[in-house]
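Below is one structure, written out as structure tokens, with a few remarks after it.
The values are calculated or read from the model by the stated rules, or taken from the named source; none is laboratory data. Quick caveat, the model's predicted, so the values are computed rather than measured. Glycine also receives a Cβ, built like all others from the backbone with ideal geometry; neighbour counts cover every protein chain displayed. Each accessible area value is taken on the protein alone, full model and side chains, heavy atoms only, with ligands, DNA and RNA left out. Shrake-Rupley method; radii C 1.70, N 1.55, O 1.52, S 1.80 Å.
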Amino acid sequence: MSRLFGLIVGAALVAVMVCLVSFVEGQVKPADPGLLQEFSLYAGSKSCIECHGKFYQLWATSRHGLAMQPYTAAFARANLTPQTKDLVIGKYRYRADIGSQAGWVLETDPKGRKKKYPLLHALGGKNVYYFLTPLERGRLQTLPVAYDVRTKQWFDTAASGVRHFGSGPPEAPINWKEWPYTFNTACFNCHVSQLSSNYDLATDTYRTTWAEAGINCETCHGPSKEHNQVMQAAPKGQAPPDLKIISVKKFTHEQHNAACGSCHAKVSPLTTVFPPGSRFFDHFDLVTLENPDYYPDGRDLGENYTYTTWLLSPCVKAGQLDCIKCHTSSGRYRFKDEAKANEACLPCHAERVKSAAEHIHHPPDKPGVPTKCVACHMPMTAFARMNRSDHSMLPPAPAASIKFGSPNACNLCHRDKDAAWADQNVRQWRGRDYQAPILQRAGLIDAARKRDWQKLPEMLAYMASPERDEVFAASIIRLTMPAADERVRHMLLKAIQDPSPLVRAAAAEALSVRPGKESFHTLVAAVGDSYRLVRVRAAASLAPYPAAWFQGENQDKVKQATDEYLASLTARPDQWTSHYNLGNYYLNRGELKEALTAYDSALKIEPRAAMVMVNASLAYAKMGAPDQAEKSLEKAIKVSPDNAAAHFNLGLLKAEQKRVKEAERELRAAFRLDPKMAPAAYNLCILSAKDRPKEALTWCRKAVELNPQEPKYAFSLAFYQKEQGDLKNAVATLQDFLTRRPGFTDGYLLLAEIWMQQGDRPQAEAVLRQAQQVESLSTRDRARVAAALKKLSNP
């Protein structure tokens with residue numbers, strides 16, 4: 001009747017906070033990335049002291065300059081207090097010993113055995129100090145205890161980073177010795193300067209080096225050795241025509257923001273360096289609201305490093321604001337003076353600043369009343385004991401707190417009141433319902449996360465709106481990838497022409513699950529995009545297409561973009577997702593041995609990556625090795641029992657092997673774990689049809705309800721309704737579907753057959769003639785319809 005079909009899980013792009021070599025473009029010519037990798041051209045920040053002593057001192061004592069520093073007894077005396085009792089983490093106990101003759105964390109195992117881990121480096125310090133210790137194979141590991149600067153308490157590093165999503169249980173803390181807490185992997189780039197991670201995959205070893213701890217002058221200004229030479233050679237009081245250094249004063253707003261975003265963003269890196277002044281989306285892909293670390297309205301839940309919410313700011317969208325407006329290049333805040341705090345919003349909001357008391361609806365002379373613009377527009381929240389301001393600068397939206405649980409500035413102050421109270425007040429104060437657009441787009445994100453496709457028309461309307469926000473647009477594109485609706489393809493074909501490279505890249509990636517001639521030609525055009533991010537996403541989506549489709553100039557463009565894409569995967573060879581995505585690329589191309597090699601590399605780094613095992617099983621199945629495929633899926637289920645894709649694919653594999661009971665068990669498990677998985681319901685319909693026709697109908701109905709746009713689901717439901725003699729509902733099922741999808745030839749043929757079964761030849765003939773009017777019908781399908789009509793005329 002209908003063949004069982006499989007599910008490939010798409011490439012996963014992890015977000016890691018990176019800072020490579022930083023910032024230019026437009027007014028300032030970017031430095032050559034090749035030169036940036038040549039560390040002999042770097043002179044170090046101390047070489048700046050002779051001419052820039054004041055700036056050096058400001059930098060050296062800043063959070064940028066002290067992003068990482070050696071742990072010493074003097075540092076401990078100045079910044080830490082003793083840990084008075086052990087921290088119990090699992091079955092182990094930990095205590096930091098910071099005495100004058102010490103400098104380690106003492107671990108006590110369940111049997112009372114003790115081990116010392118030396119405190120080698122400290123990083124952070126604004127809110128928290130984390131500490132690094134050397135482990136085997138060149139790893140610098142973040143120690144399990146950290147220090148809260150404000151409360152002067154030692155705390156559990158991993159437990160502080162546990163997130164609470166929705167009403168479910170919190171995620172489990174990660175063991176401190178695992179790769180997410182390996183400094184070489186996750187944090188190095190933004191805490192040291194001129195880094196070479198020197199990771200060797202074969203031995204899983206780091207030989208990491210860096211020029212200086214902290215973020216030095218050359219991170220933002222480029223290599224300074226030649227600058228020093230020309231300045232020393234120049235006559236006194238006379239500047240040379242070429243300073244051989246990058247001047248950030250000449251940066252555009254976009255260049256300043258990209259420079260800061262190279263560290264202060266949750267991203268997937270595309271390159272190994274970020275030359276000063278470069279465009280952000282030539283070097284990074286940005287994590288948006290598809291990630292649960294954001295509330296649906298875009299407010300921060302987990303740690304997101306600012307840049308995504310920054311792009312939501314109306315002030316930033318206006319193109320006249322950059323990070324340097326409020327922060328110095330060393331990271332200090334320019335408006336700490338309470339009397340001048342609101343000058344941060346000048347000159348654009350002069351009227352609001354002038355009448356601040358009237359605008360905030362709070363008496364200005366009352367103690368504790370917020371009079372600063374940022375109190376309401378950039379409220380402070382905390383995660384993992386680190387404070388962060390909401391850089392979206394959007395007004396308080398207590399209605400979003402009610403609906404989505406996100407924080408709002410009103411209740412961050414008025415903790416004795418609830419969000420309903422705050423919502424009532426802001427609605428009384430404001431004649432305009434400014435919360436409506438916030439709620440509307442947040443509702444679309446919430447629905448898309450839940451795969452509630454009843455709101456798909458609203459999502460598509462939002463994408464077509466000139467008021468659409470690029471972060472929300474990219475998020476909707478990414479979240480609607482599972483939606484099996486042809487209208488999504490049309491949306492993507494328009495979105496790939498969007499002004500935003502973030503949106504264009506998201507559309508190019510999403511077209512990977514909607515193959516076809518039109519998608520192919522659109523993607524081929526996209527590999528010529530001016531932004532690297534768009535080019536590499538288009539190249540990845542083109543991987544499954546046959547070589548014969550690529551010709552002439554297009555072939556050369558695709559090859560260049562593909563080379564860029566493959567290079568982007570090696571930008572972080574110590575990330576398991578790099579190898580996973582490489583495996584997916586080879587799998588899509590049918591290069592199965594290469595795919596398995598890449599998957600093996602991913603599992604070497606992260607042995608619990610269940611999705612790697614799922615996709616490896618697909619490679620084994622295509623190679624004709626079902627036993628290996630089954631082993632890979634069983635291993636995936638062992639490490640991740642709630643992985644619906646693993647159960648689903650194991651069910652399909654067992655069904656192909658005629659192990660029907662086992663197949664049903666796995667498919668039921670998949671549907672239980674993911675009640676939105678229409679393919680699981682459909683395959684259960686097919687498996688149960690032979691001996692349990694009523695149950696088959698139930699499963700087919702579920703598949704149609706979940707995905708009313710899929711022809712095979714509607715066809716199967718109508719077919720089994722016909723088989724059980726329910727001709728009326730079979731007709732209704734097909735008529736309803738053909739109204740929405742008039743190009744489905746098998747639907748017309750089955751409907752004509754049902755009318756004939758009822759003895760209604762005129763209705764059968766009318767259905768077939770209706771099919772002939774469909775312009776999109778292929779030559780083959782027209783012939784099938786014509787043959788059916790001829791059969792009716794000559795019974």
- Message: Which of the numbered conditions does D452 fail, given that it passes all the others? Conditions: (1) open to solvent by 40 Å² or more (accessible area, probe 1.4 Å); (2) among the charged types (D, E, K, R); (3) in contact with a helix residue (DSSP H, G or I) (Cβ under 7 Å, 6 or more places away or on another chain).
- Response: (3)
- Within the stretch 148-164, is there a residue that is farther than 16 Å from A78 by Cα and out of contact with any strand residue (DSSP E or B) (no Cβ under 9 Å at 6 or more places or on another chain)? yes
- Item | Top-ranked residue in the stretch 337-370 [being open to solvent by less than 60 Å² (accessible area, probe 1.4 Å) and among the small types (G, A, S); ranked as nearest to K325 (Cα to Cα)] | A344
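What residue, of Q709, Q735, is assigned to a loop (DSSP other than H, G, I, E, B) and either farther than 20 Å from R451 by Cα or modelled with pLDDT under 95 (or both)?
Within the list Q709, Q735, the selection yields Q709.
Conditions tested, residue by residue: (1) surrounded by fewer than 21 Cβ atoms within 10 Å (Cβ to Cβ); (2) polar (S, T, N, Q).
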site: N408; (1), (2): no, yes
site: R415; (1), (2): yes, no
site: Q424; (1), (2): yes, yes
site: Y434; (1), (2): yes, no
site: P437; (1), (2): yes, no
site: Q440; (1), (2): yes, yes
site: R468; (1), (2): yes, no
- Message: Return the residues of the stretch 477-503 that are of a type in the set (D, E, K, R) and touching a Phe, Trp or Tyr at 6+ places or on another chain (Cβ under 7 Å); say none if nothing qualifies.
- Response: D485
- Looking only at the stretch 247-257, decide whether some residue is hydroxyl-bearing (S, T, Y) and within 23 Å of E564 (Cα to Cα). no
- Options A483, A474: the member that is open to solvent by less than 40 Å² (accessible area, probe 1.4 Å), in contact with a helix residue (DSSP H, G or I) (Cβ under 6 Å, 6 or more places away or on another chain) and not in a helix (DSSP H, G or I): A483
- Query: within 28 Å of Q497 (Cα to Cα), crowded, with 24+ Cβ neighbours inside 10 Å and in contact with a Leu (Cβ under 9 Å, 6 or more places away or on another chain) - does that describe any residue in the stretch 541-557?
  - Reply: yes
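Any idea which residue in the stretch 689-706 is surrounded by the most Cβ atoms within 10 Å (Cβ to Cβ), counting only those that are assigned to a helix (DSSP H, G or I) and among the charged types (D, E, K, R)? Steps first, please.
Narrowing the stretch 689-706 to residues assigned to a helix (DSSP H, G or I): 693-706.
Those left that are additionally among the charged types (D, E, K, R): 694-695, 701-702, 705.
On the way: K694: 9, E695: 14, R701: 17, K702: 21, E705: 12.
Filtering first and then ranking leaves K702.
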- Considering residues of the stretch 129-160 that are over 17 Å from F188 (Cα atoms) and crowded, with 19+ Cβ neighbours inside 10 Å only, the residue nearest to the chain's Cα centre (by Cα): A158
- Message: Residue pairs, Cβ under 8 Å, 6 or more apart or interchain, first in the stretch 763-789 and surrounded by 13 or more Cβ atoms within 10 Å (Cβ to Cβ), second part of a loop (DSSP other than H, G, I, E, B) and among the hydrophobic types (A, V, I, L, M, F, W, C). List them.
- Response: A771/L777; V785/L777
- In the stretch 199-222, the residues that are crowded, with 23+ Cβ neighbours inside 10 Å and not hydrophobic (A, V, I, L, M, F, W, C): N216, E218, T219, G222
- Result of the Cβ filter at 8 Å on the stretch 372-386, keeping first residues that are at positive phi and partners that are in a helix (DSSP H, G or I) and modelled with pLDDT of 90 or more, at least 6 apart or interchain, is A384/S160; R385/S160
- Message: Condition check: open to solvent by less than 50 Å² (accessible area, probe 1.4 Å) and more than 28 Å from E710 (Cβ to Cβ). Does A561 satisfy that?
- Response: yes
- Message: Quick test for you: out of Y147, Y117, Y130, pick the one residue that is part of a strand (DSSP E or B) and in contact with a Cys (Cβ under 9 Å, 6 or more places away or on another chain).
- Response: Y130
- Task: Give the residue that is surrounded by the most Cβ atoms within 10 Å (Cβ to Cβ), with candidates limited to residues of the stretch 249-285 that are among the aliphatic types (A, V, I, L, M) and touching a helix residue (DSSP H, G or I) at 6+ places or on another chain (Cβ under 6 Å).
- Result: A258
- Message: Name the single residue that is farthest from the chain's Cα centre (by Cα) among those in the stretch 688-721 being over 14 Å from A732 (Cα atoms) and among the small types (G, A, S).
- Response: A689
- Name the one entry in E634, E656, E666 that is in contact with a helix residue (DSSP H, G or I) (Cβ under 8 Å, 6 or more places away or on another chain) and buried (at least 22 other Cβ atoms within 10 Å of the Cβ). E666
- Limited to the stretch 187-198, what total is found for residues that are surrounded by fewer than 18 Cβ atoms within 10 Å (Cβ to Cβ) and outside any loop (DSSP other than H, G, I, E, B)? 1
- Those residues that are within 17 Å of P275 (Cα to Cα) and of a type in the set (D, E, K, R), I need them from the stretch 188-217; list them, please. none
- Task: Could you check how many residues of the stretch 539-558 are assigned to a helix (DSSP H, G or I) and either small (G, A, S) or closer than 20 Å to E509 by Cβ (or both)?
- Result: 10
- Could you please find all residues in the stretch 271-289 being assigned to a loop (DSSP other than H, G, I, E, B) and either touching a His at 6+ places or on another chain (Cβ under 9 Å) or not aliphatic (A, V, I, L, M) (or both)? T271, T272, V273, F274, P275, P276, G277, S278, R279, H283, T288
